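A.B. asks: This is the structure I have questions about; it appears just below.
The values are calculated or read from the model by the stated rules, or taken from the named source; none is laboratory data. Here the structure is a predicted model, which means the values were calculated and not measured. We place every Cβ from the backbone using ideal geometry, glycine too, and count neighbours over all the protein chains shown.
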Amino acid sequence: MEKLAPLVLLVLVVAACGCASEETSNLTSEETSNLTSEETSNLKVEDLKVVPKGYGFYTVTGQITPSTDFDYLEIVLKWYDAEGKVVGTDPLAWNTNNAKAGETIKFSASSYVEGGTPAKVDIMISDTPFSGGYEDSTIYKTTINV
């Protein structure tokens, strides 16, 4: 019985540490909403530009620097007209494999918009293949004007 006491104590300490770290990593929805996409996604996204190519074709360029390794990243583009109506969605405008922490990746995402002239675009980055721009799989989102 005396030999079991230290083992039981060790198990209790490990369990308590695990619970404490789990509690501190959980944020309320209000706390999460106060964070920017960049703070919650482990991605630094910079130099975003929309370049019209003519005849409904557009290119979104920029650079991504992950702060952790990602096996996969993809960009979904969702285009809106001046009234806020969706005029096009490109569910897989760009993707890459094996994005390494600290390595800057330049990207050029091409898209065709046939539903009208876009005024702004949502740029959504996911680490899930074929995410389709669903909010629950988006790890970074921003909107820029065209």
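A.B. asks: At pLDDT 95 or above, part of a strand (DSSP E or B), assigned by TED's automatic domain parsing to the domain that holds Ile125 and on the phi > 0 side of the Ramachandran plot - does that describe any residue in the stretch 36-48?
C.D. replies: yes
A.B. asks: Restricted to the stretch 97-146, and to residues that are of a type in the set (S, T, N, Q) and touching a Lys or Arg at 6+ places or on another chain (Cβ under 9 Å), which residue is farthest from Tyr55 (Cα to Cα)?
C.D. replies: Thr104
A.B. asks: Would you be able to say whether some residue in the stretch 95-116 is in a strand (DSSP E or B), on the phi > 0 side of the Ramachandran plot and touching a strand residue (DSSP E or B) at 6+ places or on another chain (Cβ under 9 Å)?
C.D. replies: Checked the stretch 95-116: at least one residue is in a strand (DSSP E or B), on the phi > 0 side of the Ramachandran plot and touching a strand residue (DSSP E or B) at 6+ places or on another chain (Cβ under 9 Å).
A.B. asks: Go over the candidates Val87, Val45, Val60, Val76 one by one and state the one that is among the β-branched types (Val, Ile, Thr), within 16 Å of Thr138 (Cβ to Cβ) and touching a Pro at 6+ places or on another chain (Cβ under 9 Å).
C.D. replies: Val76
A.B. asks: May I ask you to list the residues in the stretch 112-131 that are under 14 Å from Gly56 (Cα atoms) and either touching a residue at least 60 places away in the same chain (Cβ under 8 Å) or under 15 Å from the mean Cα position of the chain (by Cα) (or both)?
C.D. replies: Pro118, Val121
A.B. asks: Please determine whether any residue of the stretch 128-137 is in the same structural domain as Gln63 (by TED's automatic domain parsing), buried (at least 18 other Cβ atoms within 10 Å of the Cβ) and in a strand (DSSP E or B).
C.D. replies: Scanning the stretch 128-137 turns up no residue that is in the same structural domain as Gln63 (by TED's automatic domain parsing), buried (at least 18 other Cβ atoms within 10 Å of the Cβ) and in a strand (DSSP E or B).
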